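A.B. asks: This is the structure, below, for whatever I ask next.
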Amino acid sequence: MKPTEATTLNFSRAAKLLGISDRLTKRLITPKREVKVECTIAMDDGSPGTFVGYRVQHDNARGPMKGGIRFHHEVDHDEVNALASLMTWKTAVVDLPYGGAKGGVTCDPASMSDAELQRLTRAFTEGIHDIVGPDSDIPAPDMGTNARTMAWIADEYAKFHGWQPGVVTGKPIELGGSYGRESATGRGLLYALEAYVEDVGQQVGDLTYAVQGYGNVGSWAARLIAERGGTIVAVSDVNGAVRNRAGLHLGLLDEHLKVTGTVAGFAGGEAFDKETILAESCDVLVPAALGGVIHRDNASDVRAKVVLEGANHPTEPEADAIFEAKGIVALPDIFANAGGVTVSYFEWVQNRQHFRWEEDRVNTELRRVMRKAYADLRAVQRKHACSFRTAAFVLAIERVAQATELRGVG
Ligand code: GLU
């Protein structure tokens, strides 16, 4: 199923529960603006390299549009479109004064040099600088991009509009980034899970975890969960997977990762087929890699009781139906992984105030936002007797629809 099909299905189910009009439904589904740009750069060997970049601005009823920029070989128009709409619903679930957008460039960053990546980032920024800005659309890191990419975007944007740090978030601290932004998505996952497990009378530290994807999101979530006493029994990345029933030693794993760049080959556990990590025996499965990884053909293999979605749209709607039948609870992406955009919001607020928060304050505020979102979500879930995913869409659509109506639907 295409990502937009899946997102529209989730949207429609919730819109029906809310009983919103067809006219408003159409308006909320249709992106405001979709931009596709050609980015031609000189590769290191002197040959020209042409890449395609996208920025989709989905909705701005609740405020400036917000969302990351992805560099990945699978980036395409449909995926960016779906991810842009998910950002609208995500910012609404955690009640940030933002709309949603997403960008992406189809490229393979692992095979490119730093100089090529910088040239590509600048070419892409040149293509979209007129439609982004601190009051209109604020990019951030996503898969394949990081603080350094954001620094290049801010610098390139400054050539056209002057230095405005609030044009992107997830910047290096030295350039107006926020303490705690790098770990924020992983930390938000911890706080989302904490709120849920407390609600059902459990503790984060009593559970076992398998993490698919040991990049920024997955590794931070694992580290912070392990600090709370949780047992990380398996992790995987694009190169391989490793498991240890007694719990992986994450400090040693990080050392191995620093040297080899992968979790594969880590001596503190047993290697296994990375394709089977979703079927690992554990209490909580954390998909923190690509979208669409849990589908109708493998959802029934999941043995976890809870799926904590670190990735965007990791679970297909057909897999959701299987989870519901099996009593598996999915804490959906638009709630669970909202910690990243929440601390992006804090960074943007700090930029606008020319003021820096201490990391403790960032983390305390993040926890407050995630717990409030969980309480709101739980109330909707009870009211409609539905899954957390449907509840999250209901909550988000209700908020965006209200803002849209208040601003006046033409
Ligand atoms: N790329 C992240 C996400 O998907 C963060 C977006 C942001 O900080 O604007 O939520």
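A.B. asks: May I ask you to list the residues in region 361-373 that are among the charged types (D, E, K, R) and closer than 17 Å to Trp220 by Cβ?
C.D. replies: Within region 361-373, Arg367 is the sole residue that qualifies.
A.B. asks: OK, next. Failed condition for Ala84, given (1) within 12 Å of the ligand (Cβ to nearest atom); (2) in contact (Cβ under 8 Å) with a residue 60 or more places away in the chain, with all others met?
C.D. replies: Answer for Ala84: the failing condition is (2).
A.B. asks: Considering each residue of region 278-298, count those that are out of contact with any helix residue (DSSP H, G or I) (no Cβ under 7 Å at 6 or more places or on another chain), surrounded by fewer than 22 Cβ atoms within 10 Å (Cβ to Cβ) and outside any loop (DSSP other than H, G, I, E, B), and give that number.
C.D. replies: 0
A.B. asks: Follow-up question, since we're still on this one. Is it the case that some residue within region 101-121 is within 30 Å of Ala375 (Cβ to Cβ) and either open to solvent by 10 Å² or more (accessible area, probe 1.4 Å) or within 10 Å of the ligand (Cβ to nearest atom) (or both)?
C.D. replies: Yes: region 101-121 contains one or more residues that are within 30 Å of Ala375 (Cβ to Cβ) and either open to solvent by 10 Å² or more (accessible area, probe 1.4 Å) or within 10 Å of the ligand (Cβ to nearest atom) (or both).
A.B. asks: Here is a further query. Can you confirm whether region 322-333 contains a residue that is in a helix (DSSP H, G or I) and without any contact (Cβ under 8 Å) to a residue 24 or more places away in the chain?
C.D. replies: Scanning region 322-333 turns up at least one residue that is in a helix (DSSP H, G or I) and without any contact (Cβ under 8 Å) to a residue 24 or more places away in the chain.
A.B. asks: From the list Thr364, Thr390, pick out the single residue that is polar (S, T, N, Q) and open to solvent by 30 Å² or more (accessible area, probe 1.4 Å).
C.D. replies: The conditions single out Thr364.
A.B. asks: Starting from residues that are of a type in the set (Val, Ile, Thr) and in a loop (DSSP other than H, G, I, E, B), keep the ones in region 243-268 and report whichever is most open to solvent (accessible area, probe 1.4 Å).
C.D. replies: Only one residue tops the list, namely Thr262.
A.B. asks: Tell me, which residue of region 122-132 that is within 18 Å of Thr149 (Cβ to Cβ) and of a type outside the set (Val, Ile, Thr) is surrounded by the fewest Cβ atoms within 10 Å (Cβ to Cβ)?
C.D. replies: Glu126
A.B. asks: Still on this model: Within region 122-147, can you find the residues that are touching a residue at least 40 places away in the same chain (Cβ under 8 Å), among the hydrophobic types (A, V, I, L, M, F, W, C) and within 14 Å of the ligand (Cβ to nearest atom)?
C.D. replies: Scanning region 122-147 gives Val132, Ile138, Ala140, Met143.
A.B. asks: So, one more: Only residues in region 164-184 that are at pLDDT below 95 count as the first member; pair them with residues that are away from the ligand (no atom under 14 Å from the Cβ) and among the aromatic types (Phe, Trp, Tyr), Cβ under 6 angstrom, at least 6 apart or cross-chain, and list the lot.
C.D. replies: Filtered contacts from region 164-184: no entries.
A.B. asks: Go through region 331-349 and report how many residues are open to solvent by 10 Å² or more (accessible area, probe 1.4 Å) and either more than 16 Å from the chain's Cα centre (by Cα) or more than 15 Å from the ligand (Cβ to nearest atom) (or both).
C.D. replies: The qualifying residues number 2.
The values are calculated or read from the model by the stated rules, or taken from the named source; none is laboratory data. Everything numeric here is computed off the predicted structure, so don't read it as measured data. Here Cβ is always computed from backbone atoms with ideal geometry, including for glycine, and neighbour counts include all displayed protein chains. The area values use the complete protein model at the heavy-atom level, side chains included, leaving out ligands, DNA and RNA. Shrake-Rupley method; radii C 1.70, N 1.55, O 1.52, S 1.80 Å.
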